[in-house]
Amino acid sequence: MSSTLAPRRRTLPVTVQQSPGYWQSVLHRLLRDRVAMAAGAVVLLLLLMAALGPWITPADPYAASMLKRLKPIGTPGFLLGTDELGRDLMSRLMIGARLSLFMGLAPVLCAFVFGSLIGLVAGYAGGPLNTVIMRTIDVFYAFPSVLLAIALSGALGAGILNSLVALTVVFVPQIARVAEAVTTQVRNRDYVDAARASGASAFTIVRVHVLGNVLGPIFVYSTSLISVSMILASGLSFLGLGVKPPEPEWGLMLNTLRTAIYTQPAVAALPGVMIFITSVSFNLLSDGLRSAMDNKGAA
Amino acid sequence: MFTYLLRRLSYALPIMLGVSLVCFALVHLAPGDPLVSILPPDASAELAAQMRQLYGFDRSYPEQFGLWLWRAAQGDLGTSIATGRPVAAEVMKAVGNTLRLAVVATAIGFVLGSLFGFVAGFFRNSWVDKLASLLSVLGVSVPHYWLGMVMVIIFSSSLMWLPATGAGPSGSEGWAWDWEHLQFLVLPAVTMSVIPMGIISRTVRALVAEILEQEFIVGLRARGLTQLGVFRHLLKNAAPTALAVMGLQLGYLLGGSILIETVFSWPGTGFLLNSAIFQRDLPLLQGTILVLALFFVLLNLIVDLLQTLLDPRIARA
């Protein structure tokens, strides 16, 4: 056997070049997408700000002072002014990145895990189990997402954990639907049939043949939910249903500064600007990722 | 068509039942005694038991659910714990106010969104397309409650062109389609329209780009049709999907109006939901969520049926 192969190797030199993997080409396309890269840089900056939080804030974000209430932007010592209790707004915005980003990312992450799991089981099992799971999912999907989030956190009461639960419940059906759809597609491929015919167990088939093919699309869909999650989570705090004072969170800050829109409009609008920037950046990054993963797009 | 209608209905009814069950269960998730907000802290055990019986909280959950559903089907959503008024009347009044806001917002969003979407899809990769895409990304990313605040800051507080809050010169009572009342609608409706605008513009752009790549467009052009002629065909092909997206957006706005209503003190369902949550008024909370969710399911159904009527290619029956 080896004696017949050896001369062929010599006659055919390096034509069998390893083609770059799928993920490598996705990364390559993403790196060339200038808009997505700029958005990614902003996201990175925000994450850095959240991580370094207490070490880089110019002042104590909790130190209140009745004398220094609602100072305008550019006040010496308070670069972005002060809030309704005289706390340094810049410090609060920086520290606020921690809770706001957490409340935006954590529900999507939880929903990604549970939604994928539910969708995988429903899609791979098919039959009556699929029907039962998907009809239940449909019931939750039948609620407008803002309504479901508010109803749930309204029933559970304010608090970080309750908001997290409420938002996760909102996103699980959406992710599960996508996961079920892609799993059903992959399940009917020939290589899955072949694996089944060769005696592989369901667990092995899912782990080896299905998971790698479905996680990508589910992941991209989930990233598009981050911006929704940011807006909803801050919205819950804005209504008084999320993070409780005095913790700095952008939505909550927007709520407490709402009374100041006639006296210090620029200061009052600032926390919203942070939410806006974050949500736009996540959206642009997610869009870039989607078109980078879509092979039909410009190579 | 008739068989399709029946099939679609047989799918919608279990969903509606499920939705009611979720609304019911949701409220019973709430920790604490549902009557705590009206019972005085030193109420005797007998009084508490009496109240419990009055509101039906002493029965088993399945019994409560069955009774609630049976009454809801007859238009009776119980009595508000906080105000003592019937929930159904309160909700219906609020739904009217929210519907007015949501319909106007959806209309603005649809007109602008499909305009941007059409232009962007038709002149793909031009600067108009880039601008429209940017606008739609901004539209879906903006925290609309913040946008509402900014609108108030600009148009009410600084320019003093429009009123900041409320739904008319005499509060929430009486509505007329004149400028006296309409000026109260402008800011909340424009703020609200940003979301459907972004989504509709995205959908229409993708739709137009997809249709333009199809062979019949090449055929039409080969037959010597003008741009305008091609555009007419494009419109006919894109309309059903665009309208369906619009219908769904209306449903989302109805259910999601709470944040905007809070900013503008608009006396709609969001306002009702807000007070129900903070006063722990369980019957009111249950009723409002149920009505909004059922409205959304119904809207989905209508959109689906209309789409089959509008689009002869969907032969679902």
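The values are calculated or read from the model by the stated rules, or taken from the named source; none is laboratory data. What you see is a predicted model, and the numbers here were worked out from it, not measured in a lab. FYI the Cβ positions are ideal-geometry reconstructions off the backbone, even for glycines, and counts take in every protein chain you see.
Odds and ends about this structure:
- Region B:89-126: number of residues that are of a type outside the set (A, V, I, L, M, F, W, C) and not in a helix (DSSP H, G or I): 3
- Yes/no for A:Leu152 being over 27 Å from A:Pro128 (Cα atoms), under 22 Å from the mean Cα position of the chain (by Cα) and modelled with pLDDT of 90 or more: no
- Considering (1) within 14 Å of chain B (Cβ to nearest Cβ); (2) surrounded by fewer than 18 Cβ atoms within 10 Å (Cβ to Cβ), the lone condition that A:Asp193 does not fulfil carries the number (1).
- B:Gly117, sole failed condition from (1) surrounded by 21 or more Cβ atoms within 10 Å (Cβ to Cβ); (2) under 17 Å from the mean Cα position of the chain (by Cα): (2)
- Total residues in region A:246-269, condition among the aliphatic types (A, V, I, L, M), surrounded by 22 or more Cβ atoms within 10 Å (Cβ to Cβ) and either more than 9 Å from every other protein chain (Cβ to nearest Cβ) or touching a Pro at 6+ places or on another chain (Cβ under 8 Å) (or both): 5
- Among (1) within 12 Å of chain B (Cβ to nearest Cβ); (2) surrounded by fewer than 16 Cβ atoms within 10 Å (Cβ to Cβ); (3) not aliphatic (A, V, I, L, M) - the single one A:Ser286 does not satisfy: (2)
- Qualifying helices (runs of 4 or more DSSP H) (wholly inside region A:169-251; at least 2 residues being under 17 Å from the mean Cα position of the chain (by Cα), of a type in the set (Gly, Ala, Ser) and closer than 18 Å to A:Ser286 by Cβ): A:211-239
- Boolean, A:Ser153 is polar (S, T, N, Q), away from chain B (no Cβ under 11 Å), in a helix (DSSP H, G or I) and buried (at least 20 other Cβ atoms within 10 Å of the Cβ): no
- Any hit, region A:272-280, residues being at the interface with chain B (Cβ under 9 Å from one of its Cβ atoms), free of Cβ contacts under 8 Å to residues at least 60 places away in the same chain and not in a helix (DSSP H, G or I): no
- One residue from B:Gln227, B:Gln249 being surrounded by 21 or more Cβ atoms within 10 Å (Cβ to Cβ) and closer than 22 Å to B:Ala120 by Cβ: B:Gln249
- Residue within region B:79-98 that is on the phi > 0 side of the Ramachandran plot, touching a Pro at 6+ places or on another chain (Cβ under 9 Å) and at pLDDT below 80 present: no
- Qualifying residue in region A:129-143 (condition: among the aliphatic types (A, V, I, L, M), in a loop (DSSP other than H, G, I, E, B), more than 7 Å from every other protein chain (Cβ to nearest Cβ) and surrounded by fewer than 23 Cβ atoms within 10 Å (Cβ to Cβ)): no
- When region A:80-106 is filtered for residues that are among the small types (Gly, Ala, Ser) and at pLDDT below 75, the ones remaining, listed by number, are A:Gly81, A:Gly86.
- The requirement of being under 30 Å from B:Thr3 (Cα atoms) and either more than 9 Å from every other protein chain (Cβ to nearest Cβ) or more than 11 Å from the chain's Cα centre (by Cα) (or both) is fulfilled somewhere in region B:281-290, by at least one residue.
- Applying the set (1) in contact with a Gly (Cβ under 7 Å, 6 or more places away or on another chain); (2) surrounded by fewer than 16 Cβ atoms within 10 Å (Cβ to Cβ) to B:Ala45 leaves exactly one unmet item: (1).
- Residue identified as crowded, with 20+ Cβ neighbours inside 10 Å, under 30 Å from A:Trp23 (Cα atoms) and more than 14 Å from chain B (Cβ to nearest Cβ) among A:Phe203, A:Phe171, A:Phe219: A:Phe171
- So A:Ala158, is it closer than 20 Å to A:Arg98 by Cβ and either within 10 Å of chain B (Cβ to nearest Cβ) or not in a helix (DSSP H, G or I) (or both): yes
- Across region B:62-88, the number of residues qualifying as of a type in the set (A, V, I, L, M, F, W, C) and either assigned to a loop (DSSP other than H, G, I, E, B) or touching a strand residue (DSSP E or B) at 6+ places or on another chain (Cβ under 6 Å) (or both) comes to 3.
- Count - residues of region B:42-61 that are of a type in the set (Lys, Arg) and in a helix (DSSP H, G or I): 1
- Of the criteria (1) of a type in the set (A, V, I, L, M, F, W, C); (2) more than 14 Å from every other protein chain (Cβ to nearest Cβ); (3) not in a loop (DSSP other than H, G, I, E, B), which one B:Val297 fails: (2)
- Tally of residues being farther than 30 Å from A:Ala38 by Cα and touching a Phe, Trp or Tyr at 6+ places or on another chain (Cβ under 8 Å) across region A:226-254: 2
- Any hit, region B:139-157, residues being within 12 Å of chain A (Cβ to nearest Cβ) and surrounded by fewer than 17 Cβ atoms within 10 Å (Cβ to Cβ): yes
- Residue under evaluation B:Gln279, criteria (1) crowded, with 18+ Cβ neighbours inside 10 Å; (2) in contact (Cβ under 8 Å) with a residue 40 or more places away in the chain; (3) closer than 19 Å to B:Ala82 by Cα, criterion not met: (1)
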